[in-house]
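Colleague: Provided herewith is a single structure, encoded as structure tokens, for subsequent inquiry.
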Amino acid sequence: MSIIEVKHLYKEFKIPKRQEGMSGALRSLFHRQYLTKPAVNDISFSIDCGEIVGYIGPNGAGKSTTIKMLTGILVPSSGYIRVNGLIPYKERQRNARQIGVVFGQRSQLWWDLPTIESFELLKQVFQIPAERYRQNMARFRKILELDEFLHTPVRQLSLGQRMRADIAAALLHDPKIIFLDEPTIGLDVVAKERMRSFIREINRERGVTVILTTHDMSDIEKLCQRMILIDKGQVMYDGELAKIKETFGKTRILIVDLEEEIVDFSLDGVEVVKQEGNRRWLKFNRDTITASQLISRISENYNVRDISIQDPEIEVLIRNIYENNLPSEQAFTNKAKP
Amino acid sequence: MIKTYRMYWEFTRKSFQRSAAYRVDSWSRVLGNVMSLGIWGCIWFALYYGKGSVENISFHSMLSYILISMALQGIHSAGTPLWEIQRRVRTGDIAIELLRPYDYPLRMLFTDLGSMSFYFITAIFPLYTVIFIFFQPNIPLSASQWGLFILSAALGYLIRYSLELTFGLFTFWLVETGGVEDIFYFSISLFSGSVVPLWFFPDWLASIASLLPFQGIYFVPNAIFVGELSGQAILPALLNQVIWLVICYGLLRFVWAKASQKIVVQGG
């Protein structure tokens, strides 16, 4: 059952056109020209209950604009949009009760007050029953280790602590859907991992639908079964993560350490993309030759000390999709270092 | 319904607590208020020097007027929705407010009531009690005069609040609102009778002022307080305040409805 449905969604922004020079500046005081810039340009997708979806794209692709329309703070220019049956911008306050939102770059907590006070305020705002509040708090305190800073004013929290408090704040009222806008931005490795396992847990245990935007591909790899890739306001890819690798990542790199220095190393169907001393980086296409075939052919002709295979990295694949609008063969030549 | 008010009331409580965390700010504001009082006191003293009364208003009445006016202005200064809304729109934090199941203008009002009452209890009330004992100004002599003054002052607060928030909401369209801000603060300092009572205005200016909502903010409650406005004359003045409050609040709701549809969230 789909909980979010978006069909042919558009959002245009009117930007005042700057005119050159002093006279232009004067002229624009009286007569302003506008450029219309489409931020979201015909986007459609639907998300099922309980999914974790990575909504990704480069800066300015329209990610945040979409999220803002789903949360009801932006009004679409046109198109169909439903969040659990509600039209977000028309029923903003009702929609607010069924969603939770975390903006990695801004806090929803009350800056000057001890963290616990913000939670208590949210209890009143969402009119959370006392028993439910107590249970949720007990849980979040344990999993997110909130106790260490519950009585510290929010402005004195570290970024990691603040993010933990913020995600707890977003989940306190048991939302059906949670929007996470770069929830791991600026966090260290440990904090990122903790955040991810928490997201997985609430998804598994409470069936919360998660929509996640991020620039960190490992967030996607570790959390999402599905990703929607957008660029220039349009959907570039919507599907399983594994499939992206499958479709766009046919080429791999075989790294071979040879016993002795060989100047004219070559093999049919294989391209040497890099060399360093006795080490060679060989690019091959999975469809034309399998790794084991390749390895046996190399060891027939050369003395090999060591061998390893490099998978295309998702990040590189995606970068190439953005840059070229199509899957690229070079998906990992740039990345081909040991 | 009761639950809803409990929620807004929670904002009042939290904001009261928050004010307590910034006591220094509170004290510096008191200092500013006292300085302003000193300046206006001296100006009026100089203007009255050698005269028993001007336009039938004695110096003592005028001093009383300035004292109560400064006390009220002190209370008003504890909440500045114009700056608050500007900051939120500029930083984009307004998004968070829109993601909550409450009415933002109303929650702002209740929040400001918290900081206002903290400031009133800890600063304005003790300070002006001392000042009043020292200067012996005209104060309301009957319970009904006190009651009418408090009612009028409360109406004035709400009129100012609605107007200021409405002006603040223009940030949604303009982002930079220096000009709008100036218009608001200029109008309020002139037409509200905050430092010059309307009875000293030349006729043409007085008739302009009487057609604007600002006089209801300070002039009417001040005049009731010092006894210049009394008896039969009070009722139309209060009615005028009520009408302006309804208009200003209606305007606020209208602008808010438009603004929240038109939002551009800054950054990310």
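Colleague: Sorting check: for A:23-35, A:66-78, A:6-18, which peptide has the highest mean count of neighbouring beta carbons within 10 Å, and how do the rest follow?
Modeller: Descending mean neighbour count gives A:66-78, A:6-18, A:23-35.
Colleague: Suppose R0 equals 51 Å; then what is the FRET efficiency for B:Gln261 and A:Glu205 from their Cβ-Cβ distance, rounded to the nearest 0.05?
Modeller: The formula returns an efficiency of 0.85 here.
Colleague: Where a Cα-Cα gap under 18 Å defines reach, which aspartates and glutamates qualify for A:Lys90, not counting those fewer than 8 residues away within the same chain?
Modeller: The qualifying aspartates and glutamates are A:Glu5, B:Glu97, B:Asp103.
Colleague: For region B:7-19, what does the Karplus curve 6.51 cos²θ - 1.76 cosθ + 1.60, with θ = phi - 60°, yield as ³J(HN,Hα) per residue in whole Hz, taken in order and with x for Gly and Pro?
Modeller: Once θ is set to phi - 60°, the couplings for region B:7-19 become 5, 5, 4, 4, 5, 4, 4, 5, 6, 4, 4, 5, 4 Hz.
Colleague: Also: May I ask you to derive the FRET efficiency for A:Arg134 and A:Arg94 from their Cβ-Cβ distance with R0 = 22 Å, giving the value to the nearest 0.05?
Modeller: With R0 = 22 Å, the Cβ-Cβ based efficiency is 0.30.
Colleague: While we're on this one: Excluding ligands, DNA and RNA, what is the accessible area buried between chains A and B, summed over both sides, using a 1.4 Å probe, to the nearest 100 Å²? Please report the intermediate quantities before stating the final value.
Modeller: Numbers: alone 17630 and 13900 Å², together 28660 Å².
Summing both sides, the interface buries roughly 2900 Å².
Colleague: Place a point 7 Å from the Cα of B:Trp146 along the Cα-to-Cβ direction; which residues of region B:188-232 have their backbone N under 20 Å from it?
Modeller: Residues B:221-231 qualify, since their backbone N sits under 20 Å from the label point.
Colleague: Inside 10 Å of the C-beta atoms of A:105-111, what's the mean count of C-beta atoms belonging to other chains?
Modeller: Partner-chain Cβ atoms within 10 Å, mean over residues of A:105-111: 4.
Colleague: According to a simple spin-label model (label point 7 Å from Cα along Cα-to-Cβ), what is the distance in nm between B:Ile247 and B:Asp103?
Modeller: Going by the 7 Å Cα→Cβ label model, 2.1 nm.
Colleague: Using a loss threshold of 10 Å², tell me which positions in region A:79-101 are less accessible in the complex than in their chain alone. Probe radius 1.4 Å, ligands and nucleic acids ignored.
Modeller: A:Tyr89, A:Arg92, A:Gln93, A:Ala96, A:Arg97, A:Val101
Colleague: From the C-alpha gyration tensor of region B:8-55, pull out the three semi-axes of the equivalent ellipsoid (sqrt of 5λ each), sorted largest to smallest, in whole Å.
Modeller: Listed largest to smallest, the semi-axes of region B:8-55 are 39, 14, 4 Å.
Colleague: How large, in percent, is the carbon and sulfur part of the accessible surface of the protein assembly as shown at a probe radius of 1.4 Å?
Modeller: The value for the protein assembly as shown is 58 percent carbon and sulfur by accessible area.
Colleague: Hand me the chymotrypsin sites (Phe, Trp or Tyr not before Pro) from region B:46-78 located in a DSSP loop with no more than 12 other Cβ atoms within 10 Å, in residue order please.
Modeller: Taking region B:46-78 and a limit of 12 other Cβ atoms within 10 Å, the loop chymotrypsin sites (Phe, Trp or Tyr not before Pro) found are B:Tyr49.
Colleague: Now a separate question. Pull up all non-local amide H partners of A:Ile230: gap of 5 or more, or a different chain, and H-to-H distance under 5 Å with H placed in the peptide plane.
Modeller: A:Ile56, A:Gly57, A:Met236
Colleague: If you don't mind, there's one more thing I want to ask. Quick one: which residues, 5+ away or cross-chain, put their amide H under 5 Å from the amide H of A:Glu12? H built at 1.01 Å from N.
Modeller: For A:Glu12, whose amide H was placed from the backbone, the distant partners under 5 Å are A:Ala39, A:Ser77.
Colleague: Work out from phi, with θ = phi - 60° and the Karplus expression 6.51 cos²θ - 1.76 cosθ + 1.60, the ³J(HN,Hα) of each residue of region B:165-172, listed in order in whole Hz, and give x for Gly and Pro.
Modeller: 5, 4, 4, x, 5, 5, 4, 4
Colleague: State in Å² the accessible area per residue of chain A; use a 1.4 Å probe, count heavy atoms of protein chains only, and round to the nearest integer.
Modeller: Solvent-accessible surface per residue comes out at 48 Å².
Colleague: Another question about this same structure. On a 1.4 Å probe surface of the protein chains, which of A:Ser296, B:Ser192 comes out largest in accessible area, and what is the full order?
Modeller: A:Ser296, B:Ser192
Colleague: In Å², and per residue, what accessible area does chain B have when probed at 1.4 Å with the other protein chains present? Write out the running numbers ahead of the final one.
Modeller: Numbers: 12480 Å² over 268 residues.
Accessible area per residue, chain B: 47 Å².
Colleague: With 30 Å as the limit, write out which pairs from A:Lys243/A:Lys274; A:Lys192/B:Lys14; A:Lys14/B:Lys3; A:Lys68/A:Lys243; A:Lys37/A:Lys245; A:Lys142/A:Lys232 have Cα-Cα distances beyond it, or answer none. Don't skip to the end; give the middle numbers.
Modeller: Working: A:Lys243/A:Lys274 28 Å; A:Lys192/B:Lys14 32 Å; A:Lys14/B:Lys3 41 Å; A:Lys68/A:Lys243 28 Å; A:Lys37/A:Lys245 33 Å; A:Lys142/A:Lys232 41 Å.
From A:Lys243/A:Lys274; A:Lys192/B:Lys14; A:Lys14/B:Lys3; A:Lys68/A:Lys243; A:Lys37/A:Lys245; A:Lys142/A:Lys232, over 30 Å: A:Lys192/B:Lys14; A:Lys14/B:Lys3; A:Lys37/A:Lys245; A:Lys142/A:Lys232.
Colleague: Once you mark the GluC sites (Glu not before Pro) that are in a DSSP loop and have at most 10 other Cβ atoms within 10 Å, what is the longest gap between them in chain B?
Modeller: Answer - B:56-175.
Colleague: Once the convex hull of the C-alpha atoms of the protein assembly as shown is built, how many Å³ does it hold per residue, rounded to a whole number?
Modeller: Hull volume normalised by residue count: 221 Å³.
Colleague: Return the long-range amide H neighbours of A:Gly100 (sequence gap of 5 or more, or a different chain), with a cut-off of under 5 Å between placed amide H atoms.
Modeller: Hits under the 5 Å cutoff: A:Ile177, A:Ile178, A:Phe179.
Colleague: Ok, one more. Restricting to Cα pairs below 8 Å that are 6+ residues apart, what does the relative contact order work out to for chain A? Please round to a whole percent. Walk me through the intermediate numbers first.
Modeller: Working: 585 pairs, mean separation 59.0, N = 338.
RCO, chain A: 17 percent.
Colleague: At 222 nm, what helix-only mean residue ellipticity would chain A give, in deg cm²/dmol to the nearest 500, using -39500 (n - 2.57) for each DSSP H run of four or more? Walk me through the intermediate numbers first.
Modeller: Details: 11 runs with 119 residues, N = 338.
Helix contribution divided over all residues of chain A: -10500 deg cm²/dmol.
Colleague: Could you give me the ³J(HN,Hα) list for region A:29-46, computed from phi with Karplus coefficients 6.51, -1.76, 1.60 and θ = phi - 60°, whole Hz, x at Gly and Pro?
Modeller: For region A:29-46, the Karplus-derived couplings read 5, 9, 10, 9, 9, 10, 9, 9, 10, x, 9, 10, 10, 6, 9, 9, 6, 9 Hz, x marking Gly and Pro.
Colleague: Using DSSP, restrict attention to beta bridges with both residues in chain A and report what percent are antiparallel, rounded to the nearest 5.
Modeller: DSSP beta bridges in chain A are roughly 70 percent antiparallel.
The values are calculated or read from the model by the stated rules, or taken from the named source; none is laboratory data. Computed from a prediction, not measured in an experiment: that's the story for all the values here. Cβ atoms come from the backbone with ideal geometry, glycine included; neighbour counts cover every protein chain shown. Only protein heavy atoms, including side chains, enter the accessible area calculation; ligands, DNA and RNA are left aside. Shrake-Rupley method; radii C 1.70, N 1.55, O 1.52, S 1.80 Å.
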